[in-house]
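Since the structure comes first, as structure tokens, the remarks are kept for the end.
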Amino acid sequence: MGRVFNFSAGPAVLPEEVLKEAAEEMLDYQGTGMSVMEMSHRSAAFEKIITDAENDLRDLMGIPDNYKVLFLQGGASLQFSMIPMNLMKHGTADYIVTGQWAKKAYEEAKKYGKVNKIASSEDKTFSYIPDCRDLPVSEDADYVYICENNTIYGTKFKELPDTKGKTLVADVSSCFLSEPVDVTKYGMLFGGAQKNIGPAGVVIAIIREDLITDEVMEGTPTMMKYKTHADAKSLYNTPPAYGIYICGKVFKWLKKQGGLQAMKERNERKAKILYDFLDSSKLFKGTVEKKDRSLMNVPFVTGDKDLDAKFVKEAKEAGLENLKGHRSVGGMRASIYNAMPEEGVKALVEFMDKFEKENL
Ligand SMILES: Cc1ncc(COP(=O)(O)O)c(C=O)c1O
């Protein structure tokens, strides 16, 4: 069987070019006679891989010199603990809860200090982004936390909240590198690689230097201190070396595509094809407020559970995989990350149109 169009929310589709290149280099990475998987993380060859990856990411995102780029492990979920342990210097933080991932981060942070939920969209099943222009930001908050793109519900902050001068911390797992960002607006942004960047096992954190100090919560494990990893340039211990190598290849691929502005245009074009169809369909409908729609994760339903299940099954038979919605919400979800080609979205819409005609 050939490759399918894979709409998984993560681990997710990667650029075919990158996979082919990695396959070619599998047994002998650039004349070293070994795979990157077999290589010392202290070798000159790996040193170049990780340095190039960081530099390419800095170029792509325009990361200023006073921000560190860290390649970490433990999934995006470990950041839910590392953030309060490292950044809650005065014991208080504000959280905006716009989905399950933000809620998990909020619940975890409660273990470490006083945590305020200053906005939420849980009242309408997280189907919108609350107005964040004038929030009751706490006087003594060490940071304000958001999940910028809500993978499960398919909403995205189109405008960052007004944090009233407080440090903004954002989980960008599912919108990483999907469009240009102004890094200076954040104290920290982070995400798991397995959606838009590379294999699971790598987490990338971009943190303003002044936030990386020895002043962390008592008892914070060495491995969970940002300073440990910043001082050692992400080589304190054995990093997820092969994953970083693939991320590096994706960064180069993105540069070749024209960088993040080009990706944004491409992603907008792709998402429009799907949203336009949903808006005109008599069978399918989108589940979130139009103004807050994500470019990356597009949930939709027919309104009938059995028909949803039939759709997912028949779509799979047609080579359109992983369209089942998150287990907590049901329905369907198409994740259309950077590496999903426009033909994939067109194939999905054609299939939906056919299914609608057969089932309405
Ligand atoms: C926005 C967001 N944050 C965090 C996570 C958790 O990531 P991980 O499984 O790497 O811990 C996910 C995973 O799907 C996610 O979509």
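Projected label points at GLU317 and SER280, each 7 Å from Cα along the beta carbon direction, are separated by 2.7 nanometres. A Förster distance of 30 Å, applied to the separation of the beta-carbon atoms of GLU209 and THR32, puts the FRET efficiency at 0.35. The order of THR228, THR213, THR98, going from fewest to most other C-beta atoms within 10 Å of their C-beta, is THR213, THR228, THR98.
Take each peptide in 55-62, 78-85, count the other Cβ atoms within 10 Å of every residue, and average; sorted highest first, the result is 78-85, 55-62. In terms of the mean number of neighbouring beta-carbon atoms within 10 Å, the peptides 301-309, 24-32 order highest first as 301-309, 24-32. Of the GluC sites (Glu not before Pro) found in segment 105-187, those in coil by DSSP whose Cβ has at most 14 other Cβ atoms within 10 Å are GLU139, GLU159. Based on C-alpha pairs under 8 angstrom that are at least 6 apart in sequence, the chain has a relative contact order of 23 percent. Of the trypsin sites (Lys or Arg not before Pro) found in segment 204-300, the ones in coil according to DSSP and having at most 12 other Cβ atoms within 10 Å of their Cβ are LYS282.
Charged side chains reduced to their Cβ positions (Lys and Arg at +1, Asp and Glu at -1) give segment 286-354 a dipole of some 240 debye around its Cα centre. Tell me, what is the FRET efficiency for LEU235 and ALA347 to the nearest 0.05, using R0 = 45 angstrom and their Cβ-Cβ distance as r? E(calc), rounded to 0.05, equals 0.60.
The numbers here are math on the coordinates, done by the rules we state, and not lab data. Given the structure is predicted, the values throughout are model-derived calculations rather than measurements. In this analysis, Cβ positions are derived from the backbone assuming ideal geometry, glycine residues included, and neighbour counts consider all displayed protein chains.
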